[in-house]
Structure formats: C-alpha cells, structure tokens
Amino acid sequence: GCVQAVGPVAITSLILSNGLIDLIPGSEDNDDPNKPYDPAAQYSYNTAAIQVSLIAGLMYLTAGTLRLGFLSNFLSHSVISGFTTGSAVIIGVSQLKYFLGINLQRHWHVYTVLYRLAVRITRGEGDWREAAMGAAWLAILLTMKHIGKTYRDWKWMRPLGPLTVTVLATSMVWWFDLAAYGIKVVGRVECGLPDVSVGRWFPLGDLPDMTVTAGLVTLVGLMESIAVAKSLADKNSYEINTNQELAGLGLANIAGAAFTAYPVTGSFSRSAVANDSGAKSGLAGVFSACLVGVVMTYLMPVLQHMPLNALAAIITSGVLGLFDYQEGFYLFRVSKLDWLVWMTSAISTVCLGVQVGLAISVGLALILVIYESAFPGISVLGCLPQTTIYRNVAQYPAARTEDGLVVLRVDAPIYFANVQHIKDYIRQHYCNGDCEKGDRVSTSLSIRFLILDCSSVTHIDAAGVRGLSGLLSSLVSCGIDFCLCNPSHNVVAMMDRAGFTDQLGKDHIFVEVQDAVEFCREVMATPRSRGFGSEALRRTMSTPARHTSRLSLSGYSPPGLIPTLV
C-alpha cells in the first residue's frame, strides 16, 4: 500500500478563511498574518482557526465511530469535480494581486476581486516587474510538472518544482536586494516549533457559526480525503476502510488543534509525491514532519526574502490541478445531465462563493439521488427466441411479447418514495385494458394479465405493499389479473405480514417469469366473462395450472411457486 499524506489543502483553507473573515470583525484587513494591521483581530482569527480544527476533528471522529463513511458515496464525481473546479478559479483569482503587485483587501467573490483589480490597473497601479517574475516562476513550475508527468525517467522533477522556484526566487531577491526596489517579499516570520494551544480551545467563540464552518470543512475534507485514499488504493491494489480514514482524520485534527494548527485533510499533491517516492508507511509522514521542524527552527530567516509573486506562482501551479476542465469535456460527450450538474456546481461556486456553492453542490447531489430513487426504471420484458429467457424489449428487439399479457420489471426496491410512480405508470399504460403505442406489446387482444418481475426488487416497505394492494384493486376493476414472479424471501415475508399474499392469492406468485406466462396462457385458453379478475379467476379454475421451475430455491414450497411463510 501507500500512505496518504495529510495536511493543509487549498480548498479547506479557502473555506476556513471565508468563514472566519465573516466571523472575526477586522480580520479582512490583515492581509499579512506576520504583520497584521489589527493584531487583536489576528489573534482572535488564529484562535478561531484552532477551535474550528478541534470541532472538525470531533466531527470526523464521531462520523468514523458511527460508521458514516458510506455517506461519501452519495456525492457524485460530477458534483465534487464541479465544486473543486470552481474553488480552483477562486483561489487562482485571489493570487492575481500578488502577480500584479497590488495591495487589495481580501474578498472571495471572483467578480468583486476582478472589478477592484481592473479599477486599480486603470489608475496606473501595478508593477510589471512583479508580473514578469511571477510569470517566469509559473512557467518554470508548469514546465517541470509537465516533464515529470510525461517522462517516467524524469518524474523526480515534478515534486522538485516548488523547491526549485523557492531557492531561485529567494536567492535572486537576497542577492540583488530586490526588496529595496519595491518587490514584495514574505517578510519576517517567527522561528521555532508551534506553541501548545490547548489553552485556546475554550471558551469557544460564536459556536453556531464556527460549527457551520467546521461542518463545511469536514464535508469537503471528507470528499477529498476519501477520493485520495480510493485513488491510491486502486493504484496499489489494496482496500480501504472509510470509517478508519474518518477516525484517523479526526485524531489528526484534534492533535493539530493542540499545537496551533488549522484543519487538515488528505492532500492530492502530497499523496502523489509520497506515492511516486515509494512511501509505504506512516514513517514517511514522521520524516516529513521532522524535516519541516528543522526548517521552522533554523531556516525561517532565509525564507523572509522569498517574493510573494513566487509564492503566488506555487499556489497557482498547485490549484491548476484542481481545475478539472477535462472532466467537463468528458461529461459533455458522455452525459449532458452530468455535464449540467458539473457546470451548475462550478458556476455557483465561482459566482456565489464557496459556502453557497458547496450548499448548492451538495443539494444537487441529494436531488440526483432522490430523483433516481423516486423514478426507477420500468422495463417491458419479452421472451428471446427458442429460450425461456425474458429480457428488456428495448434492449433486445428480437424478444417476443404475447397477446393478452404484459411482463414488467421494476429495477429498484419498491418503497414509499417510488411506489406512486410505479402505480401511476402501470395505470396510465395498462389500466384501460389496452397498451400504449409506445410499448412493444401486442394489442390484438386486450390485456388480461400483468406479470410483475420482482427479481430486481431487493426490498419493499409497508408503503410499497400498500401501493401494490391499491394497484391490484385498480387492475381487477379494469379486468386485468395480477401476478408476481421471482420475489425474494424478504419481499414475500413483508407482503405476507401485510396480508397482500392472501389478497393476491398465493397461486399468483411464481418462481420464474416462464412459470407465470404458462399459467396465464392456460387461463386465457379458458373462456371467461366480462370483468374477469383475480377472485373470479380463482373461482373459475377447477384445476391448478402446471407450474415448472428450473430453480431449486431453499424455502420454496412445492410445486416451487412461493416461499414458505413462517
């Protein structure tokens, strides 16, 4: 396996900053944390970041303990990709002021930042030297990244790009004293390891707002970390436990909150570097932490000469990997609906901000899940020539349907959310005694039997049984007899507890579609009166039909029609 690298990432940093600027008055003026315009506001901001890390850690730990890792499956890739693409645009635009050498108050609405930059540029502000340096550093980073990704023997160049730019930019500023000529640099940074910050956990600030910010950080961190973990698992052929991942992230954030850290999660870029470097265990993280500790203790005075345009180039290079435009082109070719979801998620994040964009993205994911669940596929089945196999006639044009009966299959569980759709579909298409032209069912005779294949119905609830009971009444009133085939033991048990099997008749539940079809053929060969329904059918049949089955199912009673109900 390969170890997942955990640390600060661009998207959670963006969400945290966006939430805390609104929470801490005056913090928006502190563009440089090392030289804050309002020290008191900066201290409150740092404390709130630590507390958000603590709350996020508790949320991760609780989710892992309650085994809620499956929730990540409800967020489609198109939603996640659209949100991260929009976030990449926001982060990239926020770095333009460093490329242009313009002092600008922090703001996370793209259109506001662009408008303010345009106003400043028209006033003659900006420095072409900053822009030239930033463009040069970005070109170096992108070139090294491209070479590392394209040529296997040169893959070591990809992780060395940021280090190369840092060394070159810092050396250039220091050697030529560019700060004296107006090139903006990082400036003084305190040396030493982070302080113990347990004492800053309490009292908590504005708990509701902090909880919202922590929840957003946790949700995005969950998406990114699980995506990273699954990607590494696929590449290295091992399985992951999402609940353990959540618990691990929780402990990492709580531990970080004890040492002046803000929320962390799994990082795509650092994990990719670790994987390419051959990291196989948590010791890789230990060595990395030790190296960072050495830099913080002894090398921080050197980094004060690093130009901000180089730092902006490194950040921009990193977030370009999040700008997943290729996914947009792919979705446009494959599925217009998924492409629309991707576009909506990305545009809402760019135009309305991270929090609103994330809310819309998650809402879209839930709406898609509900829609797919509430409107399941309903297929008309026909028999393949010279077989007893029944398949969807839309998929297999050679499949034959029969006069007087229709075989349907519901490709989902039947429960409260979709039973009304199933009832409405069947009533609309068949309850008038004839078939709609859109269905490939022979209409030379009126429909006398409707067979429901339950092979894909893995579950049915009380509302589903009640809905089928109402459907049975509607079909009987239309002179259509109703049969079920291939229900699971759990489905039949639920129907039996609700009394539906007695209402339908146990002789109308079959193991296979072919059994039900043969039963219907035999009955249709018997003359019947107008308004013939289930009860009339059972009164008319003097002898039971012959039923055969190629299945030997445990729990099915002779002659193999219905599960034993106990």
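Note on the chain: dipole from Cβ charges, positive end direction compared against 510, 105, 346; the farthest Cα belongs to 510. Sequence-distant contacts, meaning Cα pairs under 8 Å at least 6 residues apart, place the relative contact order of region 62-208 at 14 percent. Annotation: amide H-H contacts under 5 Å for residue 510 (H modelled 1.01 Å from N, sequence separation of 5 or more, or interchain): 484, 485, 486.
Under 5 Å between amide hydrogens, built in the peptide plane, is the criterion, and for residue 400 it picks out 383, 384 among residues at least 5 positions away or on other chains. Need the C-alpha centroid separation for region 130-173 versus region 381-430, integer Å. Region 130-173 and region 381-430 have Cα centres separated by 60 Å. Each 20 Å bin from zero up to the one holding the largest Cα-Cα distance in the chain carries the following percent of pairs: 17, 38, 23, 18, 4, 0.
Here the chain carries DSSP beta bridges of which approximately 50% are antiparallel, counting only pairs with both residues inside.
Sort region 367-429 into rounded, prolate or oblate with this rule: let a ≥ b ≥ c be the square roots of the eigenvalues of the Cα gyration tensor; rounded if a/c is under 1.5, and if a/c is not under 1.5, prolate when a/b is larger than b/c, oblate otherwise. Verdict is prolate for region 367-429. Seen against the Cα atoms of the chain and their longest principal axis, helix 10-23 is set at about 80 degrees. In the chain, the longest principal axis of the Cα atoms and the axis of helix 77-94 are about 20 degrees apart.
Per residue, the chain exposes 50 Å² of accessible surface when a 1.4 Å probe is rolled over the protein heavy atoms with every protein chain present. Of the heavy-atom accessible surface of the chain (probe 1.4 angstrom), what whole percent is carbon and sulfur? After summing per-atom areas, the C and S share lands at 62 percent. For the chain, the longest principal axis of the Cα atoms and the long axis of helix 207-236 meet at an angle of about 80 degrees.
In the chain, the sites counted are chymotrypsin sites (Phe, Trp or Tyr not before Pro) in DSSP loop states with at most 16 other Cβ atoms within 10 Å, and the longest stretch holding none of them, exclusive of the sites, is 260-415.
For the chain, the longest piece that avoids every one of the trypsin sites (Lys or Arg not before Pro) found in DSSP loops with at most 10 other C-beta atoms within 10 Å covers 124-436.
For region 12-146, the gyration tensor built on C-alpha atoms gives an oblate shape. Its axis ratio a/c (a ≥ b ≥ c) is at least 1.5, and a/b is not larger than b/c.
The values are calculated or read from the model by the stated rules, or taken from the named source; none is laboratory data. The structure displayed is predicted, hence computed values, not measured ones. Neighbour counts are summed over all protein chains in view; Cβ atoms, including those assigned to glycine, are modelled from backbone coordinates with ideal geometry. We work out accessible area using only protein heavy atoms, side chains counted, and drop any ligands, DNA or RNA first. Shrake-Rupley method; radii C 1.70, N 1.55, O 1.52, S 1.80 Å.
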